[in-house]
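**Student:** Dropping a structure here in structure tokens format, bear with me for questions.
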């Protein structure tokens, strides 16, 4: 007895798994995810779950230098570190850094809400 195992026949019978569409993420999304991972102190698994991605993706993005450490290492940033001229300037720099982080987290959450509350695809 011959059995036809062509892809078409297997698809018709539901025996062949159809491939999932590959999701693509922007560089900005990758940077934001890695930055949040590094700055929040939360476990990688938790951050990946919040973004709706696999932990291995986030791990790979971090290893490839999509975060701030990668930028300072010569992948787009200057890598220069300047010392503040006064304690007031140091405080201002620290507050700006905290504000930027809070704004980035807010933007990420807004995007996540938009993704998860949008119409189903």
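The values are calculated or read from the model by the stated rules, or taken from the named source; none is laboratory data. Every value quoted in this text rests on a predicted model; they were computed, and no experiment measured them. Because the Cβ atoms are built from the backbone with ideal geometry, glycine has one as well, and the counts that use them run over all protein chains shown.
**Student:** Are any residues in region 54-86 loosely packed, with under 11 Cβ neighbours inside 10 Å and at pLDDT below 85, and if so, which ones?
**Tutor:** 74, 78, 79, 80, 81, 82, 83, 85, 86
**Student:** Oh, and also: Specify which of the listed residues (51, 25, 29) is touching a helix residue (DSSP H, G or I) at 6+ places or on another chain (Cβ under 6 Å) and modelled with pLDDT under 90.
**Tutor:** One residue alone meets the criteria, 51.
**Student:** Still on this structure, please answer the following. Within region 36-48, how many residues turn out to be loosely packed, with under 13 Cβ neighbours inside 10 Å and assigned to a helix (DSSP H, G or I)?
**Tutor:** 2
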